[in-house]
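Q: My questions all concern the structure below.
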Amino acid sequence: MVQKSKFVLSYFEETLITEIMNIKYLGHACFQIYIGGKYLVFDPFIRNNPLAIEAGINIDDLKADYILVSHAHSDHIEDLVYLAQKTNATVVSSYEVVAWLGKQGYANGHPLNVSGKWAFDFGTIKMTPATHSSSFADGSYAGIAAGFLIYAEGKTLYFSGDTGLTSDMKIIGDLNKIDCAILPIGDNFTMGIEDACHAADFVKCNNIVASHFDTFGYIKIDHEKAISHFKQNGKELHILKIGGSIEL
Ligand code: NI
Ligand code: MN
């Protein structure tokens with residue numbers, strides 16, 4: 001009988017308890033993450049996104065146990081009520097967005113505010129500050145714009161939401177060991193390529209997934225230029241095809 005060394009045994013045990021995190025891009029700022037046996041959908045905007053439709057994304061095929069909403073602009077919540085009602089997912093967002101959902105007759109929400117965190121069945125979600133605005137399509141108040149830290153299966157993911165570059169990100173980097181950051185790079189309404197690269201420095205993460213680009217004229221970007229800018233700064237920028245995914 002072969003005796004396993006302590007190292008081999010602990011490595012084996014670790015691989016048993018560490019599950020892969022799958023990050024799938026659904027266009028614009030919409031992602032589906034599979035972790036801890038659950039599906040998390042961020043900022044659902046599919047049926048009115050021509051690029052998502054063209055890529056064959058069908059909202060009716062989408063699994064969601066949780067829907068995380070960074071803010072209430074229509075390019076982030078347009079499919080929220082539809083997807084929530086279809087999946088009965090728990091919606092995690094600002095108090096104001098969750099209260100608004102309640103008025104639409106959807107009660108399965110979990111309100112958070114900045115710095116607040118909650119342990120769910122797959123892991124913990126913490127709300128982070130974003131420098132952006134937030135209002136519903138009719139102009140009514142929707143709380144403040146935010147991002148999320150996701151802690152699950154020993155991994156930490158940062159989804160910044162729509163945001164400009166802000167020194168608050170340095171705190172996020174100082175207090176967390178982020179494995180992957182999903183950052184907007186489309187400019188005009190959010191950070192562009194250069195500021196997103198600074199944001200990656202601030203949060204101390206070299207593994208970046210691009211968000212909020214190409215969907216409409218204001219935010220069209222040069223992919224090669226973006227990737228090489230990050231590369232020159234020692235970082236990897238993943239510009240996923242819609243429907244494409246990476247694993248952590
Ligand atoms: Ni926005
Ligand atoms: Mn947006």
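Q: I'm checking my understanding of the structure. Among residues of the range 188-217 that are open to solvent by 30 Å² or more (accessible area, probe 1.4 Å) and within 15 Å of ligand 1 (Cβ to nearest atom), which one is nearest to Lys24 (Cα to Cα)?
A: Going through the qualifying residues, I end up with Phe216.
Residue-wise test of (1) part of a helix (DSSP H, G or I); (2) over 28 Å from Ser167 (Cβ atoms); (3) within 16 Å of ligand 1 (Cβ to nearest atom).
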site: Ala72; (1), (2), (3): no, no, yes
site: Leu83; (1), (2), (3): yes, yes, no
site: Glu96; (1), (2), (3): yes, no, yes
site: Phe122; (1), (2), (3): no, yes, no
site: Ile125; (1), (2), (3): no, no, no
site: Thr128; (1), (2), (3): no, no, yes
site: Ser133; (1), (2), (3): no, no, yes
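Q: Would you please name the residue that is farthest from Asp121 (Cα to Cα), looking only at residues in the range 38-50 that are away from ligand 2 (no atom under 14 Å from the Cβ) and open to solvent by 10 Å² or more (accessible area, probe 1.4 Å)?
A: Pro50
Q: Can you find, within the range 188-236, the residue that is farthest from Leu51 (Cα to Cα) among those that are assigned to a helix (DSSP H, G or I) and basic (Lys, Arg)?
A: So the residue we want is Lys231.
Q: Please go through the range 140-164 and pick out each residue that is within 14 Å of ligand 1 (Cβ to nearest atom) and part of a loop (DSSP other than H, G, I, E, B).
A: Listed by number, the residues that qualify are Ala142, Gly143, Ile144, Ala145, Ser160, Gly161, Asp162, Thr163, Gly164.
Q: Pick out the one residue from Ile178, Ile185 that is touching a strand residue (DSSP E or B) at 6+ places or on another chain (Cβ under 6 Å) and surrounded by 22 or more Cβ atoms within 10 Å (Cβ to Cβ).
A: Being touching a strand residue (DSSP E or B) at 6+ places or on another chain (Cβ under 6 Å) and surrounded by 22 or more Cβ atoms within 10 Å (Cβ to Cβ) holds for just one of Ile178, Ile185, which is Ile185.
Q: Among Ala146, Ala119, Ala130, Ala84, which is the only one that is of a type in the set (A, V, I, L, M), under 23 Å from Ile23 (Cα atoms) and open to solvent by 50 Å² or more (accessible area, probe 1.4 Å)?
A: Within the list Ala146, Ala119, Ala130, Ala84, the selection yields Ala119.
Q: OK, next. Count, please, the residues in the range 100-141 that happen to be hydrophobic (A, V, I, L, M, F, W, C) and in contact with a Pro (Cβ under 9 Å, 6 or more places away or on another chain).
A: Selection size over the range 100-141: 1.
Q: Please verify whether Ile33 is hydrophobic (A, V, I, L, M, F, W, C), modelled with pLDDT under 95 and touching a strand residue (DSSP E or B) at 6+ places or on another chain (Cβ under 6 Å), treating the condition exactly as stated.
A: no
The values are calculated or read from the model by the stated rules, or taken from the named source; none is laboratory data. All values derive from a computational prediction rather than experimental measurement. Virtual Cβ from ideal backbone geometry, glycine too; neighbours counted across all protein chains shown. Remember, those area values only see protein heavy atoms, side chains included, never the ligands or the DNA or RNA. Shrake-Rupley method; radii C 1.70, N 1.55, O 1.52, S 1.80 Å.
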